[in-house]
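Engineer: This is the structure I have questions about; it appears just below.
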Amino acid sequence: MSDLHIGVVGLGWVAGAHIETFKSVSGASVTAICSRRSHSETDLKARYGLPLKAYTDYRAMLADPDIHAIDICTPHPFHADQAVAAAEAGKHLIIEKPIALSYADTLRIRDAVRRAGVQVCVCFECRYSAHFTLIRSVIDEGFLGDLHYAEVDYYHGIGPWYGQYVWNIKKDFGGSSLLTAGCHALDGLLFFMDGKVEEVVSYRTRSSNAHFAPYEYDTTSVSLLKFEGGGKIAKVTSCIDCMQPYYFHIHLVGSKGSLLDNRIYSEKLKGLVKTKWSELETAPIDSGDVKDHPYLPQFQAFTDSVSKGAAMPLTDLDTALETHRVAFAADRSADEGRTVKVSEMDKGQ
């Protein structure tokens, strides 16, 4: 195959970040867009600097043999049906998170993808960030020893000043605090801790600030996770109603040391002062602006995987499904006021 031709569905600010990123990806290019609104190809070229074929009919775009992959950038409730249709059309997939607003829909996507044999990249792009890469290296080098506790928390006030606020406030669009935003923190925690979550208990609340009153669901959740084997526990906070700067909090505690955001103490590093953290210079996850997200290494990995017929690393569909499985179990816990075994999700209980 020559260049991988990408068709982007949805034309909001996330799509703009994806289109801009693909300009720097070797072996791929965005060649078409699909939007509910009509766009002239002249205007699109002026806006994005690319010759783009414009569709308003998604099925027509899927029927185009010159498009090899579909990049789904629409609001959350459209992801599942669009992903299934793309897989059935034989297109590879990039899907923004969350991939669906119900666990049943995530399984529909999985089944369609398996039948079609296409590649999938889910946009848990933080796994490709310098910050997460550094943390994973610290873990793999054994500086923290055996991890037994972690906190990974997402603090980002998504109020009227933020692009997705208008539709994110709706229950049938946002889903929950954890699904619409905090899933990045949950996914990061699973990336660091390894192993599978056995059970989860989750609680929710919300701010009294008028900015967040229009939300149709509680905007802060705290989820406590117990891993299989009984040796690890963890906490994930998703807070989208905070009045503070963006903060992606990471605290990992192990048998040989601890990591706090971009700081470390480890008894394996001789000569450190035990009463002080030592800073690790990296580019931290400190912005909710999509233009700052590490899409480039992720989309390059996706392009390379499709070209080689190899598995997508780090953010493949099966890995993302596990994050969604735990997220839906956490939301069930908060809904029903009880501890939920994650295995319940697979039994349809």
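Where a number appears in this text, it was derived from the coordinates with a stated rule and is not lab data. Quantities reported herein were computed from a predicted structural model and do not represent experimental measurements. Cβ: placed from backbone, ideal geometry, glycine included. Neighbour counts: every protein chain shown.
Engineer: Where a Cα-Cα gap under 17 Å defines reach, which lysines qualify for Lys347, not counting those fewer than 8 residues away within the same chain?
Structural biologist: Lys196
Engineer: Order these by the 10 Å Cβ neighbour count, fewest first: Arg47, Arg110.
Structural biologist: Going from least to most buried by this count: Arg47, Arg110.
Engineer: At 0.36 nm per residue, and after removing the present C-alpha to C-alpha distance, how many nm does the segment from Leu224 to Ala60 gain when stretched out fully?
Structural biologist: In short, 54.5 nm is gained.
Engineer: Something else now. Starting from the Cα-Cα distance between Lys235 and Leu296, subtract it from 0.36 nm times their residue separation and give me the gain in nm to one decimal.
Structural biologist: Length difference between fully extended and current span is 19.0 nm.
Engineer: Okay, moving on. Leaving out same-chain residues fewer than 8 places away, which lysines sit with a Cα under 21 Å from that of Lys276?
Structural biologist: Lys256, Lys268
Engineer: Using the beta-carbon distance between Tyr203 and Thr42 and R0 = 45 Å, what value does 1/(1 + (r/R0)^6) give for FRET efficiency, to the nearest 0.05?
Structural biologist: Plugging the Cβ-Cβ distance into 1/(1 + (r/R0)^6) gives 0.30.
Engineer: Are any of the pairs Lys235/Lys341; Lys53/Lys91; Lys97/Lys341 more than 20 Å apart by Cα-Cα distance, and if so, which?
Structural biologist: Over 20 Å Cα-Cα: Lys97/Lys341.
Engineer: Tell me, what is the percent relative contact order of the chain, built from C-alpha pairs under 8 Å that lie six or more residues apart?
Structural biologist: It comes to 19 percent, rounded to a whole number.
Engineer: For Lys45, list the aspartates and glutamates whose Cα falls under 17 Å from its own Cα; do not include residues on the same chain fewer than 8 positions away.
Structural biologist: By straight Cα distance, Lys45 reaches Glu20.
Engineer: Once amide H atoms are built 1.01 Å from N in the peptide plane, which residues 5 or more positions from Lys256, or in another chain, come under 5 Å H to H?
Structural biologist: Gly145, Asp146
Engineer: How large is ³J(HN,Hα), in whole Hz, for each residue of the range 230-235 in order, when computed from phi with the Karplus curve 6.51 cos²θ - 1.76 cosθ + 1.60 and θ = phi - 60°, using x for Gly and Pro?
Structural biologist: For the range 230-235, the Karplus curve yields x, x, 9, 9, 7, 9 Hz.
Engineer: Calculate the spin-label point distance for Lys23 paired with Glu267, positioning each point 7 Å from the Cα along the beta-carbon direction, and give it in nanometres.
Structural biologist: So the label points at Glu267 and Lys23 sit 5.2 nm apart.
Engineer: Another question, if that's okay. When the chain is fully extended, how far beyond the present Cα-Cα distance does Val253 get from Thr275, taking 0.36 nm per residue of separation?
Structural biologist: Full-extension gain reported as 6.3 nm.
Engineer: Can I ask one more? If each of Leu260 and Ser137 carries a label point 7 Å out from its Cα toward its Cβ, how far apart are those two points in nm?
Structural biologist: 2.3
Engineer: Check which residues have an amide H placed less than 5 Å from Arg263's amide H, if you skip close sequence neighbours.
Structural biologist: Leu280
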